[in-house]
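Chemist: Before we start, here is the structure in question, set down as structure tokens.
Just so you know, all these numbers are worked out from the coordinates, no wet-lab data involved. What you see is a predicted model; the values in this text were computed from it and never measured. Cβ: placed from backbone, ideal geometry, glycine included. Neighbour counts: every protein chain shown.
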């Protein structure tokens, strides 16, 4: 069904009442004719239907188009091939333009405006002869009315498309004139402008030819192309016996180019040539950030990424964090490939020799800021072989808490597979504390002896009372050679794990655990013979039994119960520290980065220690034992974690009573009973209160009788 000129809209009948929305903002843009049927645009004089029974959406669409025309903004509607041909006929003679000035830009803009005015006059005359144009039909349930409405909507869309094409031509000409008249302060500024322009349009930019002045070798001419300019060389396409699959073609001979030239007198870069007609489809706005010239990491982002990586943040976490902050992955400015390429380039730039020099330079700088900082290194064949360091605070910590040292190693903490050997201990909060650290290339007796000698040199020859290791033979030999007065204890957990390799019977394993944990000195030999008798039936070789028997003084509690270990019987602290260290360091890091990350983990532990100190001084525990005086004295003397151990012993002392006290000028002897039977006897020599063959809770009851206060010496 077609609509004849002058007919009423189909399916509506006669319209007796005309409804005008004079209060709407839409009508400020139009003048309504006296008959009330047509509305004339105040800015472009176009005639539109004023029948509001059909709605005002067609008026609103016209307002948007009219604003684009009057404000000179670029239309987002893509141009047809005919429009591009008409538009770029002016780009050919641009080479003869030379330097463009502002009056030439005005001429181009005036010419564009002239086309617009002529188009508007033509449009107005089309509707001034009484023609009535049917716009968007209203929705109705009648099928015939819907079909007629769709036909009328098609007529309106055709007219609107023609108007958009004319507006696009004009806007493109105005933008073209603005670009060719621009000047830049540098070649880099020109590239940045053209690259931003390319991102808005949907293509990528590639740098090309440069021309230099022969006298001073400065660049005077630069040409930029669309990244799809040119073609792939045939030798790459026709290569015989090709093994790899061809990469996707990216070049299609696109003619777009942007040339800038330097005015040597003024130092200003001006547009020498500009062609903006592509022979390929452009990328959509949401996909343009993935094009090559728009995927890069700027200097500010490089600094931020470097700081995050130095803080132990992984690349995948940096990627997700930047995407969240920028509002999406497409808004970051770089892609995941750029981030990983930056990391690889940064790591490959450091060779082992340069990396070692960087570490030594870092230590020399630390020595300037911390005079007590100590480091020592050893080289072999021009390469760094061993490294040891300890800062001033670590040396002070060792002077206070260095009675027991955990000596262990860990692996895969740098890309050279060098072994990290931390020296650990336990502080007054029962937290792990770091005394020093070493990095070595191999594990042997000589290496560990060198580390222990450096450790004693850093700590002013202060030997520890006890050393705990994982049972490494090279470590044990080095301890016997360097720390002759120290007690060496092998980790009980490692002993049990090694036993499981040879013993698969659970009952026999229980016998071995009894030898490790719950056997007195008098019972050890008898139980060992019984254990060997049961194991020999299932072991093909007695070599392992002979080895562990030779080390019995290092793992059996029967030989270690009188030594000081501060409640530690394994290298669990070292294992826990190594696990935490892997949060800061990984096997791909350079040596210098690994050292700095180790320092960060050390700083974190000291921060936690300061937090615990604050809690210990600012808070007091609730008293809950029958010994308020002793408990209050202990609360003032110990940190909270140590105090809980002391209070547990006080609670155990509730069931003990003192039956007899013998006093003399040299010593006091207490007979302590538990309920109905004698449990322990305590001998306190003079006022030194050295505990012998007793537990702490026994002494607590004795002290309660004598009204003594608890001091730090009672823990040992």
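Chemist: At a 10 Å Cβ-Cβ cut-off, how would you order 274, 460, fewest neighbours first?
Modeler: So the residues, fewest neighbours to most, are 460, 274.
Chemist: Kindly rank 488-494, 190-196 from highest to lowest mean number of other beta carbons found within 10 Å of each residue.
Modeler: Peptide ranking by packing, descending: 488-494, 190-196.
Chemist: Using the per-residue mean of other Cβ atoms lying within 10 Å as a proxy for protection, in what order, highest first, do the peptides 224-237, 313-326 fall?
Modeler: With the highest mean Cβ count within 10 Å placed first, the list reads 224-237, 313-326.
Chemist: Just want the ordering: 395, 205, from fewest to most Cβ atoms lying within 10 Å of their own Cβ.
Modeler: 395, 205
Chemist: Compute the distance from the alpha-carbon center of region 444-504 to that of region 230-252, in whole Å.
Modeler: Centre-to-centre (Cα) distance: 63 Å.
Chemist: Hey, if you drop one equal point scatterer on each alpha-carbon of region 167-224 and run the Debye formula without solvent, what base-10 log of I(q)/I(0) do you get at q = 0.14, 0.16, 0.18, 0.24 Å⁻¹?
Modeler: -0.51, -0.63, -0.76, -1.09
Chemist: Could you work out how far the C-alpha centroid of region 365-411 sits from that of region 173-227, in angstrom?
Modeler: One Cα centre to the other: 56 Å.
Chemist: For a footprinting-style exposure proxy, rank 450, 389 by other Cβ within 10 Å, fewest first.
Modeler: Lowest to highest Cβ neighbour count: 450, 389.
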